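Each reported figure results from applying straightforward, stated rules to the coordinates on display, with no laboratory input. Note that this is a predicted model, so its numbers are computed, not measured. All Cβ positions, even for glycine, are placed from backbone atoms using ideal geometry, and neighbour counts span all protein chains on display.
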Ligand SMILES: Nc1ncnc2c1ncn2[C@@H]1O[C@H](COP(=O)(O)OP(=O)(O)O)[C@@H](O)[C@H]1O
Ligand SMILES: [Mg+2]
């Protein structure tokens, strides 16, 4: 009999998405193919500490983590340094896509439509920031910590008075922020991609936001409904998929990722972000998008391990 591959399921972590990660790990533990794999749980605590001995003899680390310190290339570099294979995008792609300014620069460079945006450091004066926003961005705008996730520290701002408050809030989470022009009443659609060279690209799914801002509170306490087949015309579906592929390639993604878009009232498609370690419980958007491509959750876990 073939020996089983030992898979380290890394979860928890020094990230605001620590608790969500526990659910991801549990879902993977329940569904991983045990005929082929022997999973070992590797828990990272909220201080970032874990028993590195558990990495001994691991064939592949499955990254069941999300957010800062986990999705941003730091954990990937740590594993890279020890010669351990791991799931999802590698160091550089992880760094770019968790850094909203770098990510927008890369999208723009690749010719993808992005909203107007400006990046700022914490040493910049907030009234000067406000002047630049008035000049280049206007209202409504979105103020975000540069490196975060789950809408943490993100504000939608309608006027200059609220802008200063939003800037202070975003700087609580990072010493860099991004301010973007707001898409009015956008539709939010998301594409799943799986692969290194040959890619499986899902049709876009949709977060039924009805044009509302998908805030942290909403995400965790009253999540919007989602659909795996966004009600869009054929041409738009193909266009969104093509843009998703372009963004995946432009930022050097491998393994898998979820690519999110905002579509405005005129049908213009703006790329919003790439999530390199997207929500991954059985009922999360990414696994459901792959299911609609004919890949069951259990097989998805296997494929992601093979791609690593
Ligand atoms: N430029 C924008 N225009 C309109 N809505 C936006 C814009 N940027 C973000 N949003 C809203 O804010 C939410 C969170 O922003 P996002 O950039 O996805 O941050 P996170 O990385 O925390 O998920 C989005 O899902 C969307 O509802
Ligand atoms: Mg998002």
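Observations on the structure shown:
- Each residue, residue 52 and residue 161, gets one label point 7 Å from its Cα in the Cβ direction; the gap between the two is 5.4 nm.
- With both residues required to sit in the chain, DSSP beta bridges show an antiparallel share near 70%.
- Once the Cα-Cα distance is subtracted from the 0.36 nm per residue extended length, the residue 126 to residue 26 segment shows a gain of 31.7 nm.
- Between residue 43 and residue 200, the contour length at 0.36 nm per residue exceeds the Cα-Cα span by 53.5 nm.
- Set of the stretch 261-285 residues, backbone N closer than 18 Å to the point 7 Å along the Cα-Cβ line of residue 238: 268-269
- Separation in nanometres of the label points that stand 7 Å from Cα toward Cβ, at residue 78 and residue 59: 2.4 nm
- Rg(Cα)/(2.2 N^0.38 Å) for the chain, N = residue count: 1.00
- Per residue, the average separation of C-alpha pairs within less than 8 Å and at least 6 apart gives the stretch 59-188 a relative contact order of 24 percent.
- Percentage relative contact order, the stretch 1-143, counting C-alpha pairs under 8 Å, at least six apart: 22 percent
- Here is how the number arises for the chain: DSSP H runs of 4 or more residues each give -39500 (n - 2.57), the sum is divided by the residue count, and the result at 222 nm is -10000 deg cm²/dmol.
- The chain: angle of helix 234-250 to the longest principal axis, Cα-based, in degrees nearest 10: 70 degrees
- Taking the chain and dividing mean pair separation by its residue count, relative contact order in percent (alpha carbons under 8 Å, at least six apart): 19 percent
- The simple spin-label model puts a point 7 Å past each Cα toward its Cβ; for residue 92 and residue 5 those points are separated by 2.4 nm.
- Distance from the stretch 137-200 to the stretch 36-51 (C-alpha centre basis), Å: 31 Å
- Among 19-31, 275-287, sorting by the average number of other beta carbon atoms lying within 10 angstrom of each residue, highest first, gives 275-287, 19-31.
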